[in-house]
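Here's the structure, in C-alpha cells; my notes come after.
The values are calculated or read from the model by the stated rules, or taken from the named source; none is laboratory data. Since this is a predicted model, take the numbers as computed values, not measurements. With ideal geometry, Cβ positions are generated from the backbone for all residues, glycine too; neighbour counts draw on all protein chains shown. Surface accessibility is based on the protein's heavy atoms, side chains included, excluding ligands, DNA and RNA. Shrake-Rupley method; radii C 1.70, N 1.55, O 1.52, S 1.80 Å.
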Amino acid sequence: MSTAARLVEHSWNEKLGAIGLTHAGVIAIEVLDAQGPMTQAQLAQYVRVQAQTMGKTLSRLEAHGHIVRVRSTSDRRSHVVSLTEQGKEAVAAAVEMERSVLASASIDPDLLRQELQAVVRELASQFANSPGEGALIENSPSTR
C-alpha cells in the first residue's frame, strides 16, 4: 500500500505543480472548501500538522491566489484563512487530476476511494482511542 501511495502521490504532485499546488496545499484547500474560513491554528490542528508547517503551506497558496489571510477581528494575533474563487476552482481541478492519475489503472477509482475511506476511518478510530491521542476529524477530506 505504501508503494502504491507514493507512486500515486508522485504522479499527482507532478500534475498539481502546473496549477501551483502541492499535496499539502490540496489538503488545506479541501478543508477550507468543506468547512469554511478558519484560523491558521484551527486549520493546522484540523489536518494534524504543526502551525509553522501550515504557515509555509498557506504562504504558497496565498502566493498563487488560492487563499487569503485576514487578521481576525476577535483576536488580533491570529489570521482567518479563506478560500478564493481561484482556490475553489483549484479544488475542483485537483479532484479531476486525482481521477486522471487513477484513470490509467484498471480499477474503479470511486470504488477504490470508498475502500480506502473505510480503511482510514477504521485506523483513525483505533488511533483516536489510543491513550493520549486526540480524535481525527471524521469528515476531513482525507476520509471523504
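Taking the stated definitions as given, is Ser59 part of a helix (DSSP H, G or I), more than 14 Å from the chain's Cα centre (by Cα) and in contact (Cβ under 8 Å) with a residue 12 or more places away in the chain?
On the way: part of a helix (DSSP H, G or I): yes; more than 14 Å from the chain's Cα centre (by Cα): yes; in contact (Cβ under 8 Å) with a residue 12 or more places away in the chain: no.
Against the criterion (part of a helix (DSSP H, G or I), more than 14 Å from the chain's Cα centre (by Cα) and in contact (Cβ under 8 Å) with a residue 12 or more places away in the chain), Ser59 does not qualify.
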Across segment 40-76, what is the total count of residues that are out of contact with any strand residue (DSSP E or B) (no Cβ under 6 Å at 6 or more places or on another chain) and among the β-branched types (Val, Ile, Thr)? 5
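Which one is surrounded by the most Cβ atoms within 10 Å (Cβ to Cβ), of the residues in segment 30-53 that are in a helix (DSSP H, G or I) and among the polar types (S, T, N, Q)? Break it down stepwise before answering.
Step one: list which residues in segment 30-53 are in a helix (DSSP H, G or I), which gives 30-35, 40-46, 51-53.
Next, from what is left, pick out any that are among the polar types (S, T, N, Q): 35, 40, 42, 45, 52-53.
Values: Gln35: 16, Gln40: 20, Gln42: 17, Gln45: 16, Gln52: 8, Thr53: 12.
Going through the qualifying residues, I end up with Gln40.
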Scan segment 1-29 and report the pairs whose first residue is part of a helix (DSSP H, G or I) and whose second residue is of a type in the set (Lys, Arg), with Cβ atoms within less than 8 Å and a gap of 6+ or a chain change. Gly25/Arg60
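Working only within segment 95-114, note down all residues that are charged (D, E, K, R), farther than 15 Å from Ser11 by Cβ and assigned to a helix (DSSP H, G or I). Talk me through it step by step, then tell me what you get.
First pass over segment 95-114, keeping only residues charged (D, E, K, R): 96, 98-99, 108, 110, 113.
From the residues that got through so far, the ones that are farther than 15 Å from Ser11 by Cβ too are 108, 110, 113.
Selection gives Asp110, Arg113.
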Which pairs turn up if I take residues in segment 108-122 that are closer than 13 Å to Glu98 by Cα and look for partners that are open to solvent by 90 Å² or more (accessible area, probe 1.4 Å) and outside any helix (DSSP H, G or I) with beta carbon separation below 8 Å, at least 6 apart in sequence or on another chain? none
With respect to Val8, is the statement that it is aliphatic (A, V, I, L, M), open to solvent by 30 Å² or more (accessible area, probe 1.4 Å) and closer than 27 Å to Leu102 by Cα true? yes
Considering residues of segment 70-107 that are among the charged types (D, E, K, R) and more than 22 Å from the chain's Cα centre (by Cα) only, the residue least open to solvent (accessible area, probe 1.4 Å): Asp75
